[in-house]
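The values are calculated or read from the model by the stated rules, or taken from the named source; none is laboratory data. Only a predicted model underlies this, so the values are computations on that prediction, with no experimental measurement involved. Here Cβ is always computed from backbone atoms with ideal geometry, including for glycine, and neighbour counts include all displayed protein chains.
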Amino acid sequence: MSRILVLNGPNLNLLGTRQPEVYGSTTLAMVEGACRQHAQTSGAVATCIQSNHEGALIDAIHAAKGTQDGIVLNAGAYTHTSIALMDAIASVELPVIEVHLSNIHAREQFRHHSFIAPVAIGQICGFGAQGYTLAIDALLGHLKERAD
Ligand code: DQA
């Protein structure tokens, strides 16, 4: 059974009330519930963590080595700033799918660059909360392909 860490970064605890015109009205609890449900239906198990702190996110990535098979990561604004998160992902050598609710490429210039993208399997953005379940499917597909 594949084990997936769904890791959310800063301000994503406010989903549902935070700029709903950009991020939608689905709460983080709903997103996490959908991830757990979707993983279970696919024969996997999802563990969900959210933190507003860069170091806590790095600790969660380190702890995932040996305990998780892959990570679905929405690093929030740290996506655009954090070399430390990029290094953490490269260090644990776990497959990561990068997710964003909004289409970061259609927004401000500073959101177009991602430090996560070079160390991720791929990026899913612009599909709102649905992006998380798409990312779980992508990760499970990747893990299956690698196992075959
Ligand atoms: C986000 C996009 C980021 O640019 C932003 O800082 C966020 C959310 C998204 O899910 O669309 O916090 O990662």
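Listed values, structure above:
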{"read-out": "Residue within segment 73-81 that is assigned to a loop (DSSP other than H, G, I, E, B) and either within 18 Å of His142 (Cα to Cα) or in contact (Cβ under 8 Å) with a residue 60 or more places away in the chain (or both) present", "value": "yes"}
{"read-out": "Residue list for segment 83-119, restricted to those being under 24 Å from Gly24 (Cβ atoms), in contact (Cβ under 8 Å) with a residue 12 or more places away in the chain, more than 11 Å from the ligand (Cβ to nearest atom) and surrounded by fewer than 20 Cβ atoms within 10 Å (Cβ to Cβ)", "value": "Ala117"}
{"read-out": "Residues (within 9 Å of the ligand (Cβ to nearest atom), touching a helix residue (DSSP H, G or I) at 6+ places or on another chain (Cβ under 8 Å) and part of a helix (DSSP H, G or I)) located in segment 7-31", "value": "Leu12"}
{"read-out": "Selection from segment 92-148 of residues that are basic (Lys, Arg) and assigned to a loop (DSSP other than H, G, I, E, B)", "value": "Arg107"}
{"read-out": "Sole exception among (1) more than 8 Å from the ligand (Cβ to nearest atom); (2) in contact with a Gly (Cβ under 7 Å, 6 or more places away or on another chain); (3) not charged (D, E, K, R) for Gln68, by number", "value": "(2)"}
{"read-out": "Thr47 vs. criteria outside any helix (DSSP H, G or I), of a type outside the set (A, V, I, L, M), away from the ligand (no atom under 15 Å from the Cβ) and out of contact with any Phe, Trp or Tyr (no Cβ under 8 Å at 6 or more places or on another chain)", "value": "yes"}
{"read-out": "Residue match in segment 5-19 (condition: modelled with pLDDT of 95 or more, β-branched (Val, Ile, Thr) and surrounded by 18 or more Cβ atoms within 10 Å (Cβ to Cβ))", "value": "yes"}
